[in-house]
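Only one structure is covered here, and it is reproduced in the block below.
The values are calculated or read from the model by the stated rules, or taken from the named source; none is laboratory data. The model shown is predicted, which means the values in this text are computed figures rather than measured ones. All Cβ positions, glycine included, derive from the backbone under ideal geometry; neighbour counts span all protein chains shown.
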């Protein structure tokens, strides 16, 4: 047997049946990963879009260090970061909070940016005994499932993205009445728009994915509001069909990383009366093509 064949895999990747989403075990994220192991992690992330690592009790320093192994930090607007940790957001909801859980709407993180983040990394510190799942939609398989005629219609279309709906001066958070532990920064800046291809090509896999969401997409260039709404409404229903969705159940000290270039996600609630604490970083991306 050759040396290459005899060498054991350094990590164990266990994909979901659909291939969308995979658990990765056999490594310690609190220490720098050797180049070959890091390459395997990158490959698994590209193949499965959502990957999670159970039993990883990480300090803030270790979370930041792992993030930087994946890529440089992204820019996180409209939410105040942790004190002294400009790159970590604490997603915290106290047991007595009545405000809607943060992230409760299908979206790809910060898609309104010129260079949206490639990855979001979320580390669970306190998980409630019920609820709190995160749902992920596979925008690559959703695109593949469209008819050739619909693919032709969408080819070359440009979607317009904006943070106005959640973070604008008349947005959801501006109108919120309930107290919230997380500090949301409502801003006129959120009302700017940014165009991106409605169908984007993944820079690593070369596969095409739908790149729109009901939270951040406000229309399609050169179309009326009614025309945009008809196409986008169809796509949102299509992308979030059960066959394309993976429901992720959290455990304490689990780190999950997803690819914003080809997925949407939705933070489910159902844990009123319980504390939930997560720490989040983002990895910089590039201009969608």
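Can you pull out every residue in the stretch 50-83 that is assigned to a strand (DSSP E or B) and surrounded by 15 or more Cβ atoms within 10 Å (Cβ to Cβ)? Once the filter is applied, which keeps residues that are assigned to a strand (DSSP E or B) and surrounded by 15 or more Cβ atoms within 10 Å (Cβ to Cβ), the stretch 50-83 yields 50, 51, 52, 53, 73, 79. From the list 232, 198, 165, 210, the lone residue that is under 21 Å from the mean Cα position of the chain (by Cα) and farther than 30 Å from residue 17 by Cβ is 165.
Mind telling me which of the residues 233, 206 ends up being at pLDDT 95 or above, over 17 Å from residue 156 (Cα atoms) and out of contact with any strand residue (DSSP E or B) (no Cβ under 8 Å at 6 or more places or on another chain)?
Details: 206 fails: over 17 Å from residue 156 (Cα atoms).
Just a single option satisfies the conditions, and that option is 233.
Of the strands (runs of 3 or more DSSP E) contained entirely in the stretch 84-147, those carrying at least 3 residues that are in contact (Cβ under 8 Å) with a residue 12 or more places away in the chain and within 13 Å of the chain's Cα centre (by Cα) fall at 119-126, 134-138.
Which of the following residues is touching a helix residue (DSSP H, G or I) at 6+ places or on another chain (Cβ under 9 Å), modelled with pLDDT under 95 and either on the phi < 0 side of the Ramachandran plot or not in a strand (DSSP E or B) (or both): 30, 10, 18? Talk me through it step by step, then tell me what you get.
Working: 30 fails: modelled with pLDDT under 95; 18 fails: modelled with pLDDT under 95.
Just a single option satisfies the conditions, and that option is 10.
Here is a check on your reading of the model: is residue 263 more than 13 Å from the chain's Cα centre (by Cα), at negative phi and at pLDDT 95 or above? Steps first, please.
Details: more than 13 Å from the chain's Cα centre (by Cα): no; at negative phi: yes; at pLDDT 95 or above: yes.
No.
Residue check: residue 183 meets all listed conditions (1) surrounded by 15 or more Cβ atoms within 10 Å (Cβ to Cβ); (2) within 23 Å of the chain's Cα centre (by Cα) but one, namely (1). Among the residues making up the stretch 152-206, those that are part of a helix (DSSP H, G or I) and touching a residue at least 40 places away in the same chain (Cβ under 8 Å) are 153, 154, 164, 165, 166, 167, 189, 190. When residue 197 is tested against (1) over 16 Å from residue 261 (Cα atoms); (2) out of contact with any helix residue (DSSP H, G or I) (no Cβ under 6 Å at 6 or more places or on another chain); (3) at pLDDT 95 or above, just one condition goes unmet, and that condition is (1).
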